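All remarks here apply to the structure that follows.
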Amino acid sequence: MHLEVTTQGAPIAGEPWSDAAIAARSTRGSGQFLSPTPDDLLSRAQHADANAVSDLLGQYGDAIRSFLRSRGAREDEASDVTQGTLIGMWRGLGRFRREKPGAFRAWLCTIAMNQLFNFRRTQAKVERLQEPLAPVELERQLAASQAQCCEREARRRRAFEITDRVWQRVAELFREEGEQVLFDYLYDSIHADVTAGDADFSRELHYSHGYVAKRRHDLPKGEYEKALRAEYRHLHHSKPQAIKPLPSYEEWARALLDDLG
C-alpha cells in the first residue's frame, strides 16, 4: 500500500491544505499512490458494516503514515496524526460522496494534511505554555483558563440536555409509527457503535435486515434532523424575541456540535 511522493506546489507554511490542493497533488507527479478503494468495500463501510470499516482502516493505516512521512512529518508526528486521520475517516464516511475516480484517496490526503496542521498548531501552543512566565502573568492566564473551562463545561451540559430532548422527540416519532422497539434498538446500537446484532434483532421482530440497516442510515437526515429543527423552533421561536438577532438553524446546529465536542 503506497502513496505518491511529490513536493511540487506545497502549501504556504502554517496554512491547512484545501480539498482542491490535495486532489491536484494526488493525481500528478512521479511516485507511488494509495491503492484504489474497491467500490463494494467503501459502500459497505458507509452503510455501517463493521467488517468493512475494519478492513478499510487496516488498508490505509500504513499508507497514510508513509504519506505523512513523505510530507515532512516526524515519526512520532506521523503515528499520532495517522490515528487522527483514521478517526476522521471513520467519522466522515457517511458524508463522503465519490464523484470521480481517486476522490476517496484525495479526501483521505486532505484529512491527513489538515490533521498534521492541527497537530503542529496544538504542539506549538503547548510549547508556548511551557515557556517561563512572570508570576502575575501566570496567575492571569490560570484564572482566564479556569473561567473558560467553567463556561465550556456549562455549554457542554446544556448541549447534552438539548440532545436528550431531541432524542425524546425522535422516540415520539417512532412511537407514532408503532416502532418504539425499533427505536430502542437503534438508539442503543448507535450510541454503542455496534451493528453486529442487526440480524438477530431483525429475525426476532420479523423485520428484514435491510430495513433495519436503512432506518439506521436514514435516521440522521430523517427523524433526527426533524426533531432537531423542532427543538430549534421551540428554543428560539416560542419565547419573546431577544434584542440580538437569532442564530439561523445552521449556525445553531454547528454551535451545538462544537459544544458537544
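The values are calculated or read from the model by the stated rules, or taken from the named source; none is laboratory data. Bear in mind the structure is a predicted one, so any value in this text is a computation, not a measurement. Methodologically, a virtual Cβ is constructed for each residue, glycine included, from the backbone with ideal geometry; neighbour enumeration extends over all protein chains shown.
Residue pairs whose Cβ atoms lie under 7 Å apart, sitting 6 or more positions apart in sequence or on different chains, and linking a residue in region 162-187 that is more than 17 Å from Leu260 (Cβ to Cβ) to a partner that is of a type in the set (Lys, Arg) and surrounded by 15 or more Cβ atoms within 10 Å (Cβ to Cβ), are Leu182/Arg215; Leu186/Arg215; Leu186/Arg216. One residue stands out in region 209-253 among those that are basic (Lys, Arg) and within 18 Å of Arg169 (Cα to Cα): the one that is modelled with the lowest pLDDT, namely Arg216. Anything in region 36-76 that is of a type in the set (Asp, Glu) and either surrounded by fewer than 15 Cβ atoms within 10 Å (Cβ to Cβ) or free of Cβ contacts under 8 Å to residues at least 60 places away in the same chain (or both)? List them, or say none. Asp39, Asp40, Asp55, Asp62, Glu75, Asp76, listed by residue number. Looking only at region 39-98, residues that are more than 12 Å from Gln115 (Cβ to Cβ) and of a type in the set (A, V, I, L, M, F, W, C) come to 13 in all. Of all the numbered requirements in (1) at pLDDT 50 or above; (2) β-branched (Val, Ile, Thr); (3) assigned to a helix (DSSP H, G or I), Ile22 misses one, and that requirement is (1).
The residue that is farthest from Phe96 (Cα to Cα), counting only those in region 35-55 that are aliphatic (A, V, I, L, M) and part of a helix (DSSP H, G or I), is Ala50. Could you grab me the full set of residues in region 92-113 that are modelled with pLDDT of 85 or more and either farther than 30 Å from Arg216 by Cα or surrounded by fewer than 20 Cβ atoms within 10 Å (Cβ to Cβ) (or both)? Within region 92-113, Met113 is the sole residue that qualifies.
Asp80: acidic (Asp, Glu), under 18 Å from the mean Cα position of the chain (by Cα) and in a helix (DSSP H, G or I), yes or no? Judged against the criteria, Asp80 is a match.
Counting only residues that are touching a Phe, Trp or Tyr at 6+ places or on another chain (Cβ under 8 Å) and hydrophobic (A, V, I, L, M, F, W, C), how many does region 174-191 have? Reasoning before the result, please.
As a first pass, look at region 174-191 and keep what is touching a Phe, Trp or Tyr at 6+ places or on another chain (Cβ under 8 Å): 174-175, 180, 182-183, 185, 187.
Now restrict to residues that are hydrophobic (A, V, I, L, M, F, W, C): 174, 182-183.
Final tally of qualifying residues: 3.
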